[in-house]
Structures are given as structure tokens and as C-alpha cells.
1. Looking only at the range 178-185, decide whether some residue is surrounded by 13 or more Cβ atoms within 10 Å (Cβ to Cβ) and farther than 17 Å from residue 97 by Cβ.
2. Does residue 69 count as aromatic (Phe, Trp, Tyr) and at pLDDT below 95?
3. What is the number of the single condition among (1) in a loop (DSSP other than H, G, I, E, B); (2) aromatic (Phe, Trp, Tyr); (3) closer than 24 Å to residue 48 by Cβ that residue 189 does not meet?
4. Residue pairs, Cβ under 7 Å, 6 or more apart or interchain, first in the range 141-158 and near ligand 2 (Cβ under 9 Å from one of its atoms), second modelled with pLDDT under 95. List them.
5. Which residues, counting only those in the range 97-144, are among the charged types (D, E, K, R) and surrounded by fewer than 15 Cβ atoms within 10 Å (Cβ to Cβ)?
6. Find the residue count for the range 64-98, including only residues that are touching a residue at least 12 places away in the same chain (Cβ under 8 Å), within 23 Å of residue 42 (Cβ to Cβ) and either not in a helix (DSSP H, G or I) or not hydrophobic (A, V, I, L, M, F, W, C) (or both).
7. Restricting to the range 44-63, name every residue that is assigned to a helix (DSSP H, G or I) and more than 19 Å from residue 154 (Cα to Cα).
8. Can you find, within the range 75-105, the residue that is nearest to the chain's Cα centre (by Cα) among those that are more than 20 Å from residue 193 (Cα to Cα) and at pLDDT below 95?
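The values are calculated or read from the model by the stated rules, or taken from the named source; none is laboratory data. No experiment lies behind these values; they were computed from the predicted model shown. Neighbour counts run over all protein chains shown; Cβ positions are idealised from the backbone, glycine included.
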Amino acid sequence: MKLNLDIGIPSPPGWIAAVSADFSSFLQDHADCERKASATAMSLVAKYPNRVEIIPELIEIAIEELEHFQSVYKIMESKGIQFSHSIHEDLYIKALMKAQHDGLEERFLDRLLIASVVETRGAERFKLVADSLEDEELSKFYKMLWTSEAKHGHVYVKMALHYFPEDKVYKRLEWWVAKEAEIVSTLPFRAALH
Ligand SMILES: [Fe+2]
Ligand SMILES: [Fe+2]
């Protein structure tokens, strides 16, 4: 298994500039992304109950993402920021989901690999956030998230390797990394994770 997962292109500098300019909105969106990451792991359990080999790891990820959600919410609370109804539609996730294969097996592989590229991008962006913050505590928190999401990126690939041959997994992963890069480069910059 690869020790390091790559992203196709680094996040454009305009992204971190948009985040820094409105960190409150970023926190609202970030919390929402953690909640959705937890839900995604649990939805894989619900969709593939017979894939028993990966259920413990999916539960583990769901718990960790929920803990991230809790931590971000605590930060929001301390800053007097509330959840918002007006979170934008996540065009990034939408574009990734649209590119999935049809067919039971192929779609299962794609679901795991999409989760992996999303986690790996999250890791890259949390590092950028950590590096941009002057608040030491907050910066430390984002560094922790960086390592946690990077680990999730690996775990989803490991899950795929339970069920599919290595060359197939990495070939498709390479395709997703390129696709994800293409999507990232077309998105508008917002004070949001994507
Ligand atoms: Fe997370
Ligand atoms: Fe994660």
C-alpha cells in the first residue's frame, strides 16, 4: 500500500485567502463537512451491510468525524457563531458523485475512492489553515485534523484493497486524483472547505 497519497494539484492560493477573509463562515461550513463525513461513513455501512470486513473501520471513522464535528462546534460556540441554514450546496462533492461509475461493484469501488480523495484534499486544506492561523491553539487543532483526515484517506484505500486487486484500485485512484484536480481548479473560491 502506498505510504503517501497524492493530490493532483495544490489548492490555489485564492482559496486560503477566501477562508482567512471570513473565518466565521468557514467554521460553519467546516462543521457541516465533518457532520457529513460522519454520515458518509455510516451510509456506507447501511448500503453495504454484507461488506463486514470494513464495518469496524467505517464505524471508527464515523465516530472520529463526529468528534471533529463536536470540536468545531465548541470552537463556534466559544466565538458566538451559530449554525446557518444558508450553507451553499457542495458543488465539489456533487461533481465527484456525478462522475461515479454505474454498476454495483464499480460504484462500490468509486464510493471508497471518492471518500479517499475527499479526505486527502481535506488534509491538504487543513494544513493550509493551520499554517495560516496566528491563534496557536486553533492552529494545533487544524494540524491534528490534517493528520486525522490524511489517515482516513489511507483507510478508504485500504478498504478498497480488501475487495479489489491492487492494480485496479490504484489505476482508478489515479483517475480520481486527476478528476478531483480538474474539479478543484474550476470551483469558485469561498470561505468553505470546498
Ligand atoms: Fe474530519
Ligand atoms: Fe476524515
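1. No, because not a single residue in the range 178-185 is surrounded by 13 or more Cβ atoms within 10 Å (Cβ to Cβ) and farther than 17 Å from residue 97 by Cβ.
2. Values: aromatic (Phe, Trp, Tyr): yes; at pLDDT below 95: no.
No, not satisfied.
3. Among (1) in a loop (DSSP other than H, G, I, E, B); (2) aromatic (Phe, Trp, Tyr); (3) closer than 24 Å to residue 48 by Cβ, the lone unmet condition for residue 189 is (3).
4. Going by the 7 Å Cβ cut-off, the qualifying pairs are 153/5.
5. Start the filter on the range 97-144 by keeping residues that are among the charged types (D, E, K, R), which leaves 98, 102, 105-107, 110-111, 119, 121, 124-125, 127, 131, 134-137, 140, 143.
Hits for the range 97-144 are 98, 102, 105, 106, 107, 131, 134, 135, 136, 137, 140.
6. Result for the range 64-98: 9.
7. Answer for the range 44-63, where residues must be assigned to a helix (DSSP H, G or I) and more than 19 Å from residue 154 (Cα to Cα): 46, 47.
8. Selected residue: 101.
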